[in-house]
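A.B. asks: I am attaching a structure below and will ask some questions about it afterwards.
The values are calculated or read from the model by the stated rules, or taken from the named source; none is laboratory data. Here the structure is a predicted model, which is why all the values come from computation and not from measurement. In this analysis, Cβ positions are derived from the backbone assuming ideal geometry, glycine residues included, and neighbour counts consider all displayed protein chains. Each accessible area value is taken on the protein alone, full model and side chains, heavy atoms only, with ligands, DNA and RNA left out. Shrake-Rupley method; radii C 1.70, N 1.55, O 1.52, S 1.80 Å.
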Amino acid sequence: MSKVSPPFPEPGSTVPDFDMAASGGRTVSLRALHGHPFVLYFYPKANTSGCTKEACEFEAALSDLQGEGVNVIGVSRDGMPALEKFAADHGLTFPLASDSDGRVTEAYGVWVEKSMYGRKYMGIERATFLVDATGHLVQEWRKVKVTNHVAAVRRAIATMRLQAETGSRA
């Protein structure tokens, strides 16, 4: 496994393929999402404080996002039992996907070297990717701070919609 993931493509590039088991007995894949915009967000660990706050904020916005035709998928390297418990504990209805083999976190460039109290280790960088209906990256957020993040994603979705309606790109 590499020390640091390769850089992720620029906005407008096709996003890396994925196919993962998800909570509720679901599977999520780029192929199945074709034709629908989606938010793919990566978080370090289920049932931790920051990850719980972020997931609950996406859940609170979910009906509005789905009304816009936008799917939300959370991704971590946790196994399915931990993700099922996380979803049940917090009433999360969107898919929580398990990247247990690390292929997706590597492909999206979010498996990075981290440091805490002087100790270096590999982990998931909190990051979010907004992908359009054709599978192209619209916007990415790296080193996400949870507070006000979902609001920023919603603004980007509104901009994406406006650009789609007018046929323009930022």
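A.B. asks: Please calculate how many Å² of accessible area the chain carries per residue, with a 1.4 Å probe and no DNA, RNA or ligand atoms counted.
C.D. replies: 50
A.B. asks: Return, ordered by residue number, the residues of the stretch 65-83 whose backbone nitrogen is under 19 Å from a label point located 7 Å along Cα→Cβ of ALA133.
C.D. replies: 65-73
A.B. asks: Additional query: Extension gain VAL112-HIS36, at 0.36 nm per residue separation less the Cα-Cα distance, in nm?
C.D. replies: Gain on stretching VAL112 to HIS36: 24.5 nm.
A.B. asks: Note the angle between two axes, namely the Cα long axis of helix 149-166 and the longest principal axis of the Cα atoms of the chain, as a number of degrees from 0 to 90, rounded to the nearest 10.
C.D. replies: For helix 149-166, the angle is close to 30 degrees.
A.B. asks: Can you give me the angle between helix 80-90 and the longest principal axis of the chain, using Cα atoms only, in degrees from 0 to 90, rounded to the nearest 10?
C.D. replies: So the helix axis and the longest Cα principal axis differ by about 70 degrees.
A.B. asks: Beyond 23 Å, what percent of the Cα pairs of the stretch 62-158 remain?
C.D. replies: Considering the stretch 62-158, 33 percent of its Cα-Cα pairs are separated by more than 23 Å.
A.B. asks: Along the charge dipole of the stretch 3-146, which of VAL28, ALA133, VAL104 sits closest to the positive end, that is, farthest toward it, with unit charges on the beta carbon of Lys, Arg, Asp and Glu (+1, +1, -1, -1)?
C.D. replies: VAL104
A.B. asks: Could I ask something else about it? Please give the length that would be gained between ASP17 and ASP101 if that part of the chain were fully extended, namely 0.36 nm times their separation in residues minus their C-alpha to C-alpha distance (nm, one decimal).
C.D. replies: Fully extending the segment from ASP17 to ASP101 adds 28.8 nm.
A.B. asks: Continuing with this model, one more query. Give the dimensionless ratio obtained when the Cα radius of gyration of the stretch 44-90 is divided by 2.2 N^0.38 Å.
C.D. replies: Dividing the Cα Rg of the stretch 44-90 by 2.2 N^0.38 Å gives 1.18.
A.B. asks: Follow-up question, since we're still on this one. Taking each pair of distinct Cα atoms in the chain once, what is the resulting Kirkwood hydrodynamic radius in Å?
C.D. replies: One decimal place: 16.2 Å for the Kirkwood radius.
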